[in-house]
Amino acid sequence: MGFEVLRNLRRHSDVPILMLTARGEEPDRIAGLEIGADDYLPKTLSIRELLARLRAVLRRSTLTVSVSESALEPTITIGDLTIDPEAHSACIGGTSLLLTPVEYQILLTLSRSCGRVRTREQLLDEVADRSFEVFDRSIDVHVSSLRKKLNDDPKSPRFIETVRGAGYRMRKPGAEEGV
């Protein structure tokens, strides 16, 4: 029954699958892996091993998704700003920008959602590799630094607009102020 469920899941989804089963003989383990399980564990194991294997399966699936998404993502151009996700680079008017990893991720995130507001919390979730306090304003410092590197005046922005009470938005080329 488990193998049939696995076959059906694989026909319709790429969700990571770790089989935990009483069938622990080598032919069963091989069959489960060949049908499409990402890992196969016979019962009677420690919780620590189960958690470690779950983390490994999730890590592999996340890395695979990240690599395939960035490999397929085209260069983003907004006015004279060009962002190349594959090269992990950005330039303005043909001049390379020296950005910190967080600044680059903010720029990329805002550019991917050009014209749409991203809250501070959304930006922190997408670009940060540490936990933040509820009222953490570090994102504002990073945006301010990014604006300086883009020669972007916050009072009359070409690229990054502040939307009061909401967050930040990458301006669409030719968009009128206050839109």
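The values are calculated or read from the model by the stated rules, or taken from the named source; none is laboratory data. Computed from a prediction, not measured in an experiment: that's the story for all the values here. Neighbour counts run over all protein chains shown; Cβ positions are idealised from the backbone, glycine included. Quick note on the areas: whole protein, heavy atoms, side chains included, nothing else; ligands and nucleic acids left out. Shrake-Rupley method; radii C 1.70, N 1.55, O 1.52, S 1.80 Å.
With θ set to phi - 60° and the Karplus curve 6.51 cos²θ - 1.76 cosθ + 1.60, what are the ³J(HN,Hα) couplings of the stretch 100-106 in order, to the nearest whole Hz, using x for Gly and Pro?
Values, residue by residue: 6, x, 5, 4, 4, 5, 4 Hz.
For P(r) over Cα pairs in 5 Å bins from 0, in percent, one of [x] 2, 7, 14, 18, 18, 14, 8, 5, 4, 3, 2, 2, 1, 1, 0, 0, 0; [y] 1, 7, 13, 14, 13, 10, 8, 8, 8, 7, 5, 3, 1, 0; [z] 1, 7, 14, 20, 20, 16, 12, 7, 2, 0 was computed from the structure I shared and the rest are decoys. Which label?
Among [x] 2, 7, 14, 18, 18, 14, 8, 5, 4, 3, 2, 2, 1, 1, 0, 0, 0; [y] 1, 7, 13, 14, 13, 10, 8, 8, 8, 7, 5, 3, 1, 0; [z] 1, 7, 14, 20, 20, 16, 12, 7, 2, 0, the one derived from this structure is [y].
Which order do the peptides 22-34, 75-87 take when ranked by the mean count of other beta-carbon atoms within 10 Å per residue, highest first?
75-87, 22-34
Averaged per residue, what accessible surface does the stretch 14-127 expose to a 1.4 Å probe, in Å²?
On a per-residue basis, 61 Å².
For the chain, give the percent of accessible area contributed by carbon and sulfur heavy atoms, probe 1.4 Å, rounded to a whole number.
Carbon and sulfur: 54 percent of the exposed surface of the chain.
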